[in-house]
1. Can you name the residue in segment 59-70 that is over 10 Å from residue 22 (Cβ atoms) and either modelled with pLDDT of 90 or more or in contact with a Phe, Trp or Tyr (Cβ under 8 Å, 6 or more places away or on another chain) (or both) and, of all such residues, is surrounded by the fewest Cβ atoms within 10 Å (Cβ to Cβ)?
2. For segment 1-10, what are the residues that are part of a helix (DSSP H, G or I) and more than 13 Å from residue 47 (Cβ to Cβ)?
3. Does residue 46 qualify as being over 10 Å from the mean Cα position of the chain (by Cα) and assigned to a loop (DSSP other than H, G, I, E, B)?
4. So the check is Cβ under 9 Å with 6+ separation or different chains; which pairs have a first residue in segment 22-51 that's on the phi > 0 side of the Ramachandran plot and a second one that's among the β-branched types (Val, Ile, Thr) and assigned to a helix (DSSP H, G or I)?
5. Are any residues in segment 17-53 out of contact with any Pro (no Cβ under 9 Å at 6 or more places or on another chain), under 13 Å from residue 5 (Cα atoms) and open to solvent by less than 30 Å² (accessible area, probe 1.4 Å), and if so, which ones?
6. Which of (1) of a type in the set (A, V, I, L, M); (2) assigned to a loop (DSSP other than H, G, I, E, B); (3) at pLDDT 95 or above does residue 18 not meet, given it meets every other one?
Amino acid sequence: MRKYPLPTKEEAEELRRLRKEAGMTIPQIAEALHTHPSNIGDFENSKRGIDPDLIERLRKRYKLIIQSNI
C-alpha cells in the first residue's frame, strides 16, 4: 500500500508547468529537495505517491522563483 497518494493528472501537469516556468531542470529541483531526479520525474508523471504538503511546498517555491524572475 502506498504511503502517499499519486498526484492527480492536473497536479502533476501543474508541477511540471511551474517548474519549467521557474526555469528549473529536474536535476536542479531534485538537488534542492535532496532527492533523486527520478522521484521528481515520477511525481510529474503521476507514477509515484507524493506527500500533499510537498506538492504545496513545490508550488510555493516555483511561484517565488517565477516572481523573482519578473
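The values are calculated or read from the model by the stated rules, or taken from the named source; none is laboratory data. Just so it is clear, the model here is predicted, and its values are computed rather than measured. Neighbour counts run over all protein chains shown; Cβ positions are idealised from the backbone, glycine included. Areas reflect the complete protein model, heavy atoms only, side chains present, ligands, DNA and RNA absent. Shrake-Rupley method; radii C 1.70, N 1.55, O 1.52, S 1.80 Å.
1. Quick first cut of segment 59-70, residues over 10 Å from residue 22 (Cβ atoms) only: 59-60, 70.
Still in the list and also either modelled with pLDDT of 90 or more or in contact with a Phe, Trp or Tyr (Cβ under 8 Å, 6 or more places away or on another chain) (or both): 59-60.
Numbers: 59: 14, 60: 11.
This residue is 60.
2. Of all residues in segment 1-10, those part of a helix (DSSP H, G or I) come to 9-10.
Residue satisfying the conditions is 10 alone.
3. Numbers: over 10 Å from the mean Cα position of the chain (by Cα): yes; assigned to a loop (DSSP other than H, G, I, E, B): yes.
Considered against the rule, which asks whether it is over 10 Å from the mean Cα position of the chain (by Cα) and assigned to a loop (DSSP other than H, G, I, E, B), residue 46 comes out as yes.
4. 23/65; 23/66
5. Within segment 17-53, no residue meets the criteria.
6. Only one criterion in (1) of a type in the set (A, V, I, L, M); (2) assigned to a loop (DSSP other than H, G, I, E, B); (3) at pLDDT 95 or above is unmet by residue 18, namely (2).
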